[in-house]
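First up is the structure itself, then whatever we jot down about it.
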Amino acid sequence: MASMISASISGSSSITTGGNYRRSKQYTKNHYAPISASYVPTFLHKTEKTQKEYCAIMSSRHNLKHHYKVIGEGSQENERKYVVKAASSENSFEYEPQVSIWVTIKDAFNAFYRFTRPYAAIEAGMAVASASFLAVEKLSDLSPSFFIVLFKLLVASFFMNIFHCGFNQLCDIEIDKINKPYLPLASGEWSYKKSVIIVASSLLLCFGLAWIEGSWPLFWGFFIGAVLTAVYSLDLPLLRWKNSALLAATNIIVNAGVIRPLGYYLHMQTHVFNRPATIRPMIFCTAILSLYFLVVALFKDIPDTEGDKKFGVQSLSVRLGQKRVFSICISLLQMAYGASILVGATSPFLWSKLITGLGHGILALALWYRSKSVDLKSSDSFQSFYMFIWKLLSIEYLLIPLFR
C-alpha cells in the first residue's frame with residue numbers, strides 16, 4: 001500500500017510556475033524506493049502546506065500574469081491566475097505599495113498650501129479684518145450682520161489671494177524653477193491647465209460675491225486689484241512691471257496698500273453701516289501700509305537675485321546689491337514705527353495713545369534685534385527674515401483699528 005501511494009505521489013504530484021518541475025536527485029536515483037507509512041501523511045501535509053503558502057505569496061503580487069496548476073485529490077486539475085511583479089532575480093519579488101487615500105488627500109492639500117502662499121493669505125485676511133473694524137464707530141455696530149459680512153469678505157479675500165499668487169506663478173514658471181522650485185507648478189506637480197482653472201475660478205468667485213452683495217466699492221476693489229496683478233506679471237508690451245524696481249514697488253503699494261483696504265472699508269461703511277463714504281480714518285492706514293508694502297516689494301527680491309539676474313529682471317537687489325537693499329528696508333520700517341508713535345500720541349483717547357505707542361515701540365525693538373541675526377550671505381536667512389516682516393505686518397493690522 002505504501003509503495004502504491006509513493007508511486008502516485010512521485011508520478012502525478014507537481015507544481016509548475018511557467019517552467020518544468022525539477023525532480024530531486026533522490027527521486028531520480030531510486031524511482032521505486034519504498035516509503036514508510038509514517039512518512040506518507042507527513043509528506044502530503046507538507047506538500048499541501050507548501051501549495052497554500054505559495055498561493056498566498058502569488059496572490060499578493062501584481063503586474064505580471066503567471067499560471068500554475070494544482071493536482072489535488074481525485075486528480076482534479078484547478079487552474080488559477082495571479083499577478084506578480086518580477087525582479088531581476090528568478091526567486092525574488094517586489095511589493096508595489098498601494099497609496100492610501102489619506103496620503104493622496106494629504107499630498108493634494110500640501111500642493112494647494114504651497115500654491116496659495118499661506119503667509120500672503122493670512123495677510124489678506126488680516127487686511128479685511130483691520131479695515132472692517134476701522135469702520136466701527138460704536139459697540140452697536142458689532143451686530144450679527146457685521147460678522148456675517150466680515151466672514152464673506154474673509155472668504156473673498158482668500159480667493160483673491162489665490163488669484164494673485166497663482167497668476168504670478170503662471171507667468172513665472174521658468175524663474176520659479178530656479179528661485180522657488182518647491183512650488184507645484186514650477187516642479188511639475190500641477191499642470192498648467194489645472195492651475196489656470198483654479199486661478200480663473202477664484203477670480204470669478206470674487207466678482208460673484210461682489211455682485212451678490214451689490215457693493216460697488218467691493219467690485220471696483222476686486223477689479224482694480226486684478227488689473228494691477230495682471231499688469232505686474234504679464235510679459236506683454238508696456239506690462240510686466242515687475243521688471244522695473246520703481247514700477248513694481250508702485251504696483252504693490254497701490255494694490256495692497258491702498259485699493260484693497262479702501263475697498264473693504266468703504267464696503268463696510270456704505271453697505272453695512274449705511275453711512276456716508278469718508279476716507280479720513282483711512283489716511284493714516286493707507287500711509288503706514290504703503291510703507292510696509294514698499295519694504296515688502298523691495299525685500300521680496302533679495303532672495304530671488306540669482307534667478308532675476310538670469311532672466312534680466314532689473315530689481316533693486318540686482319542693481320544695488322542685497323546688503324544695501326536690506327539696510328534700506330530696515331530704515332524704512334523704523335521710520336514707519338517712529339511716525340506711528342507720533343500719530344498715536346495725537347489721539348484724544350489715552351488708551352489709544354498707550355496701545356499704539358507701546359505696540360509700535362515693541363515692534364521697532366523686535367525688528368532691530370531680529371535684523372542683527374541675518375546672515376547677509378545666505379539666501380535662506382534672507383527668506384526667513386522676509387517671513388518675519390510678514391509677521392510684523394500682521395501685528396500692524398491689529399494696531400491700525402486702534403488709531404482713533
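Can you run down the residue pairs with Cβ atoms below 7 Å, 6 or more apart or on separate chains, where the first is in the range 276-296 and outside the structural domain of residue 392 (by TED's automatic domain parsing) and free of Cβ contacts under 8 Å to residues at least 40 places away in the same chain and the partner is buried (at least 20 other Cβ atoms within 10 Å of the Cβ) and not in a helix (DSSP H, G or I)?
none
Answer yes or no as to whether residue 346 is under 19 Å from residue 285 (Cβ atoms), in contact with a Phe, Trp or Tyr (Cβ under 8 Å, 6 or more places away or on another chain) and of a type in the set (Val, Ile, Thr).
On the way: under 19 Å from residue 285 (Cβ atoms): yes; in contact with a Phe, Trp or Tyr (Cβ under 8 Å, 6 or more places away or on another chain): no; of a type in the set (Val, Ile, Thr): yes.
Considered against the rule, which asks whether it is under 19 Å from residue 285 (Cβ atoms), in contact with a Phe, Trp or Tyr (Cβ under 8 Å, 6 or more places away or on another chain) and of a type in the set (Val, Ile, Thr), residue 346 comes out as no.
Kindly indicate which of 286, 278 is of a type in the set (Val, Ile, Thr) and modelled with pLDDT under 85.
Exactly one residue qualifies, and that residue is 278.
Does residue 179 satisfy being at pLDDT 90 or above, more than 16 Å from residue 269 (Cβ to Cβ), among the polar types (S, T, N, Q) and out of contact with any strand residue (DSSP E or B) (no Cβ under 6 Å at 6 or more places or on another chain)?
Values: at pLDDT 90 or above: no; more than 16 Å from residue 269 (Cβ to Cβ): yes; among the polar types (S, T, N, Q): yes; out of contact with any strand residue (DSSP E or B) (no Cβ under 6 Å at 6 or more places or on another chain): yes.
Considered against the rule, which asks whether it is at pLDDT 90 or above, more than 16 Å from residue 269 (Cβ to Cβ), among the polar types (S, T, N, Q) and out of contact with any strand residue (DSSP E or B) (no Cβ under 6 Å at 6 or more places or on another chain), residue 179 comes out as no.
Being out of contact with any Asp or Glu (no Cβ under 7 Å at 6 or more places or on another chain), in a loop (DSSP other than H, G, I, E, B) and either closer than 16 Å to residue 112 by Cβ or basic (Lys, Arg) (or both), is that true of even one residue in the range 137-158?
Taking every residue of the range 137-158 in turn, at least one turns out to be out of contact with any Asp or Glu (no Cβ under 7 Å at 6 or more places or on another chain), in a loop (DSSP other than H, G, I, E, B) and either closer than 16 Å to residue 112 by Cβ or basic (Lys, Arg) (or both).
Looking for something within 16 Å of residue 264 (Cα to Cα) and surrounded by 13 or more Cβ atoms within 10 Å (Cβ to Cβ) - is there at least one such residue anywhere in the range 165-174? First the steps, then the outcome.
Let us first name the residues in the range 165-174 that are within 16 Å of residue 264 (Cα to Cα), namely none.
No - not one qualifying residue is present in the range 165-174.
Out of 347, 340, 352, 317, I need the residue that is within 32 Å of the chain's Cα centre (by Cα) and among the small types (Gly, Ala, Ser). Which one? It would help to see each step written out before you state the result.
Working: 347 fails: within 32 Å of the chain's Cα centre (by Cα); 340 fails: within 32 Å of the chain's Cα centre (by Cα); 352 fails: within 32 Å of the chain's Cα centre (by Cα).
None of the other options fit; the residue is 317.
Could you tell me which of the residues 224, 212 is touching a residue at least 24 places away in the same chain (Cβ under 8 Å) and of a type in the set (Val, Ile, Thr)? Before you say what the answer is, go through the steps one by one.
Working: 212 fails: touching a residue at least 24 places away in the same chain (Cβ under 8 Å).
Answer to the check: 224.
Would you be able to say whether some residue in the range 355-364 is surrounded by 15 or more Cβ atoms within 10 Å (Cβ to Cβ) and over 20 Å from residue 292 (Cβ atoms)?
Checked against the condition, which is being surrounded by 15 or more Cβ atoms within 10 Å (Cβ to Cβ) and over 20 Å from residue 292 (Cβ atoms), the range 355-364 yields no hits at all.
Just for the range 269-288: of the residues that are assigned to a helix (DSSP H, G or I) and out of contact with any Leu (no Cβ under 8 Å at 6 or more places or on another chain), which one is surrounded by the fewest Cβ atoms within 10 Å (Cβ to Cβ)? First the steps, then the outcome.
Of the range 269-288, the ones assigned to a helix (DSSP H, G or I) are 269-272, 280-288.
Applying the additional criterion that residues be out of contact with any Leu (no Cβ under 8 Å at 6 or more places or on another chain) yields 269-270, 272, 280, 283-284, 287-288.
Values: 269: 23, 270: 18, 272: 21, 280: 6, 283: 10, 284: 16, 287: 16, 288: 22.
Looking at residues that are assigned to a helix (DSSP H, G or I) and out of contact with any Leu (no Cβ under 8 Å at 6 or more places or on another chain), I get 280.
Could you check the range 358-384 and list, in sequence order, the residues that are in a helix (DSSP H, G or I) and either farther than 19 Å from residue 336 by Cα or among the charged types (D, E, K, R) (or both)? If you could, list the steps in order and put the result at the bottom.
We begin by selecting, within the range 358-384, every residue in a helix (DSSP H, G or I); these are 358-371, 379-384.
If the condition is that a residue be in a helix (DSSP H, G or I) and either farther than 19 Å from residue 336 by Cα or among the charged types (D, E, K, R) (or both), then 370, 379, 380, 381, 382, 383, 384 are the ones that fit.
Got a sec? Which of 298, 239 is over 30 Å from residue 142 (Cα atoms), in a helix (DSSP H, G or I) and of a type outside the set (Ser, Thr, Tyr)? Reasoning before the result, please.
On the way: 239 fails: in a helix (DSSP H, G or I).
Just one listed residue meets the conditions, 298.
Only one residue in 249, 256 is touching a residue at least 40 places away in the same chain (Cβ under 8 Å), assigned to a helix (DSSP H, G or I) and more than 25 Å from the chain's Cα centre (by Cα). Which one?
Working: 256 fails: more than 25 Å from the chain's Cα centre (by Cα).
The unique qualifying residue is 249.
The values are calculated or read from the model by the stated rules, or taken from the named source; none is laboratory data. Owing to the predicted nature of the structure, the values given are computational and were not obtained by experimental measurement. Virtual Cβ from ideal backbone geometry, glycine too; neighbours counted across all protein chains shown.
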